[in-house]
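Structure first, then comments.
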Amino acid sequence: MTALSETRAQPGRAAIVIPRRRRRIKGSSIAIFVFLTMVSLFVAIPLYVVIVTSFKPIGEITLGQIFNLPVQWTVQPWMKAWNEMCTGLACDGIKQGFFNSVAILFPSLVLSIAIASVTGYALALWNVRWADGFLFVLFICAFVPFQIIMIPLIIVVASLGIFGTVWAIALVHAVLSMPLLTLIFRNFYKDIPRELINAAIMDSGSFWKIFWEIVLPMSGNIMVVVLILMITTVWNDYLVGLTFGGISTKPMTVILANSVITSRGEAIYNVNMAAALLTAVPPLVVYFALGRFFVQGITSGAIKG
Amino acid sequence: MPEVRFEHIVKRFGSFNVLEDLSLRVEDGEFLVLLGPSGCGKTTLLNLLAGLLDVTGGRITIGERDVTDLDPSQRGLAMVFQSYALYPTKTVEGNLRFGLSALKLDKAEIERRVAWAAQLLQIDKMMSRKPSQLSGGQRQRVAIGRALVKHAGVLLFDEPLSNLDAKLRTEMRMEIKKLHASLHQTIVYVTHDQIEAMTMATRIAVMDQGVIQQIGTPDEIYEKPANLFVARFIGAPPINTFDATLETSGGRLVARHAPTAIEIDLSRHEFRSAPQAGAPVVVGLRPEHFDVNDASRDDGAIRLSLPVRYSERTGSDATAFLEAGEQLLAVRIEPSLMSRLRIGDTMAASFPMDKLAVFDARSGLRM
């Protein structure tokens, strides 16, 4: 046994590095790896077929070799889907649906996030009487399927005089998402240190000032989460857009469905696939753009760190 | 600067009584420390004053104003929190400014006050930094600055130093004391640290189980504890206590500790009420009042020769622990003496009569 001398501060002395053995891959991680590979293939194979089909001329598709790469690559189906695809009698492509969806998306986001964040803030940080009861009711509402209240909602929205406009769709999205979003915001704000809010209450005491100046600037991360959630929900929604939108405010999904699901005429597979991809792409772009903001500390520095 | 009054305060959480009929007056310009163990109700009392909790019963006044039902921001108070509670998304300057947001001041006055506080606390070089870019001591200064800019008559501190390391804590203690000396604000300061209380307070209120056990200057609290709880809570190392019985021996009143047969001479102790022979008492002996150099002094209430069990050195001080029957007796000694001390050595010590503390064993009150 060699004697171990105690380390003292010594300038110019080289550090002794004792190498450690690297960890081996364990059996359980192999199992997880295989499972995850199978799950991703389950999604990836159909997606591959959709993508390659959208780049094939129609003649190649009729050969039935769905897994083959295109012999002759073409972007013609994508152009057609965007500009000339027919919905009923109109053949303006899917682009009108895209613009309608954007027009629906923004008011829906603003309305739903504004209502839910303020409600969550009030429930989490202020002494609201019957706050727990209110939360419970919200929680129950989160379990009510939209289809059950669809017809009453149509009557309510019609009586407001906005039926068939983007505002009707935005309002319904805000109402339907309120239970979940309020719970998300409330739970997030509940974790803001009590002393921080007490300090703000002693400094200012104003409900709105504290929300705007203290709480909202701390909400960056949860806003990203909620944004991704809501953009996906609103963009992929079919039923609300179909029932509350008018002829001119049909979202992309409705137009896609009307075009692709036809019982007459030939199925133009390559154009249909391109249209489906065009509809699916925007939420993906949002994922990749915002994903990196997903996990970041927010209160660092407020409390001893 | 206003005085603060608590009148017959009752606070309940559900069926749990935290405070029951508590009255307290904090005088104008006073530095009052609320001292007590965890859960004694001191922070609750502070939060009631701040308005962060509502009283169940009673009245709180600041100066001539009844603030019992006012909102926290309307009470004319400023508070420094244990965790500093700085706004993480605001800069240091933003933090100071937000402290003024309820006061509706004009721009020039806001600028003047922020600059004043920054200068005073030496944070003017870091005004554009975020709290996460500051060290613990700097955060503490910003938190104090945010309270000072309000020019509130009453400043509240809720264990503000407990997150700092020992060296910084000593520094900040001095600074807070200096601030009080120059600004003369009324300060209510909550802590469980007796050193903080002893060094900073003009008066200390010792609390236990929701009741103020004693209120007085640090000297009074230390030298003349009103009861056993206060005597045992204050002092490090803690006071030595002997459970004894009053007896007359050779015409003198003594307290006799049965297990060791130690007799403590009480003949010159000034009793508050006439003592009765046979009454159980607790005698308190502060470790630093022992005299080990001259154990033959004739005013000694006790003279002891006991074996040393172990000793501790805390920098400028040293304590020897002597074996007295089942219990250990802490005696403060000169550090130079300690190096010569061996475990098992017999040490002679005497205790001066005028430093004795005698408590009624049944009520715990000072006799």
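Listed by first and then second residue, the pairs linking a residue in segment B:261-276 that is under 20 Å from B:Glu323 (Cα atoms) to a residue that is among the polar types (S, T, N, Q), with Cβ atoms under 7 Å apart and 6 or more places separating them unless they lie on different chains, are B:Glu263/B:Ser249.
Kindly evaluate B:Ile187 against the criterion of being surrounded by 17 or more Cβ atoms within 10 Å (Cβ to Cβ), in contact with a Phe, Trp or Tyr (Cβ under 9 Å, 6 or more places away or on another chain) and in the same structural domain as B:Thr61 (by TED's automatic domain parsing). Yes, satisfied.
If you take just the helices (runs of 4 or more DSSP H) that sit entirely in segment A:189-263, which of them hold at least 1 residues that are under 20 Å from the mean Cα position of the chain (by Cα), more than 10 Å from chain B (Cβ to nearest Cβ) and within 30 Å of A:Ile149 (Cβ to Cβ)? First the steps, then the outcome.
Values: elements: A:194-203, A:207-210, A:220-236, A:239-244, A:252-260.
Of the helices (runs of 4 or more DSSP H) lying wholly inside segment A:189-263, those with at least 1 residues that are under 20 Å from the mean Cα position of the chain (by Cα), more than 10 Å from chain B (Cβ to nearest Cβ) and within 30 Å of A:Ile149 (Cβ to Cβ) span A:220-236, A:239-244, A:252-260.
Only one of the numbered conditions (1) hydrophobic (A, V, I, L, M, F, W, C); (2) free of Cβ contacts under 8 Å to residues at least 40 places away in the same chain; (3) farther than 30 Å from A:Phe211 by Cβ; (4) not in a helix (DSSP H, G or I) is violated by A:Val128, and that is (3).
When segment B:125-141 is filtered for residues that are touching an Asp or Glu at 6+ places or on another chain (Cβ under 8 Å), of a type outside the set (Ser, Thr, Tyr) and farther than 18 Å from B:Leu161 by Cβ, only B:Met127 remains. Do the conditions hold for B:Arg362, that is, is it part of a loop (DSSP other than H, G, I, E, B) and not hydroxyl-bearing (Ser, Thr, Tyr)? Taking the combined requirement at face value, the residue satisfies it.
Residues are listed down the side, and each one gets a yes or a no for (1) closer than 20 Å to B:Met198 by Cα; (2) more than 23 Å from the chain's Cα centre (by Cα):
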position	(1), (2)
B:Leu22	no, no
B:Val33	yes, no
B:Leu46	yes, no
B:Thr56	no, yes
B:Asp69	no, yes
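Condition test on B:Leu103, is it farther than 23 Å from B:Leu22 by Cβ and out of contact with any Ser or Thr (no Cβ under 7 Å at 6 or more places or on another chain)? Considered against the rule, which asks whether it is farther than 23 Å from B:Leu22 by Cβ and out of contact with any Ser or Thr (no Cβ under 7 Å at 6 or more places or on another chain), B:Leu103 comes out as yes.
Taking segment B:103-148 as the search range and keeping residues that are small (Gly, Ala, Ser), touching a residue at least 12 places away in the same chain (Cβ under 8 Å) and surrounded by fewer than 19 Cβ atoms within 10 Å (Cβ to Cβ), which one is farthest from the other protein chains (Cβ to nearest Cβ)? It would help to see each step written out before you state the result.
Just the residues of segment B:103-148 that are small (Gly, Ala, Ser), to begin with: B:108, B:115, B:117-118, B:128, B:132, B:135-137, B:143, B:145, B:147.
Add one more test, that the residue is touching a residue at least 12 places away in the same chain (Cβ under 8 Å), and what stays is B:117-118, B:128, B:132, B:136-137, B:143, B:145, B:147.
Cutting the leftovers down to surrounded by fewer than 19 Cβ atoms within 10 Å (Cβ to Cβ) gives us B:128, B:132, B:136-137.
Numbers: B:Ser128: 14, B:Ser132: 3, B:Gly136: 6, B:Gly137: 11 Å.
Only one residue fits best here, namely B:Ser128.
The residues of segment B:81-100 that are at the interface with chain A (Cβ under 10 Å from one of its Cβ atoms) and over 33 Å from the mean Cα position of the chain (by Cα), listed by number, are B:Thr89, B:Lys90, B:Gly94. Criterion applied to B:Arg75, B:Arg25 was being more than 29 Å from B:Asn163 (Cβ to Cβ) and assigned by TED's automatic domain parsing to the domain that holds B:Arg139, and the one residue passing it is B:Arg25.
Residues satisfying the criterion are absent from segment A:160-174 (criterion: away from chain B (no Cβ under 14 Å), touching a residue at least 60 places away in the same chain (Cβ under 8 Å), more than 30 Å from B:Asn47 (Cα to Cα) and loosely packed, with under 13 Cβ neighbours inside 10 Å).
Can you tell me which of A:Pro152, A:Pro193 is surrounded by fewer than 19 Cβ atoms within 10 Å (Cβ to Cβ) and in contact with a strand residue (DSSP E or B) (Cβ under 8 Å, 6 or more places away or on another chain)?
So the residue among A:Pro152, A:Pro193 that is surrounded by fewer than 19 Cβ atoms within 10 Å (Cβ to Cβ) and in contact with a strand residue (DSSP E or B) (Cβ under 8 Å, 6 or more places away or on another chain) is A:Pro193.
Of all residues in segment B:311-360, those satisfying the criterion of being small (Gly, Ala, Ser), at pLDDT 85 or above and within 24 Å of the chain's Cα centre (by Cα) are B:Ala318, B:Ala330, B:Ala357.
A:Ala114 meets the conditions (1) at pLDDT below 90; (2) assigned to a helix (DSSP H, G or I); (3) out of contact with any Leu (no Cβ under 7 Å at 6 or more places or on another chain) in every case but one. The failed one is (1). Restricted to segment B:66-80, and to residues there that are β-branched (Val, Ile, Thr) and more than 18 Å from B:Ile123 (Cα to Cα), the residue that is farthest from the other protein chains (Cβ to nearest Cβ) is B:Thr68.
Only one of the listed residues (A:Ile303, A:Ile298) is at pLDDT below 80, closer than 30 Å to B:Arg129 by Cα, within 14 Å of another protein chain (Cβ to nearest Cβ) and out of contact with any helix residue (DSSP H, G or I) (no Cβ under 7 Å at 6 or more places or on another chain). That residue is A:Ile303.
The values are calculated or read from the model by the stated rules, or taken from the named source; none is laboratory data. Model, not experiment: these values are computed from the prediction. Here the Cβ is made from the backbone with ideal geometry for all residues, glycine too, and neighbour counts use every protein chain on show.
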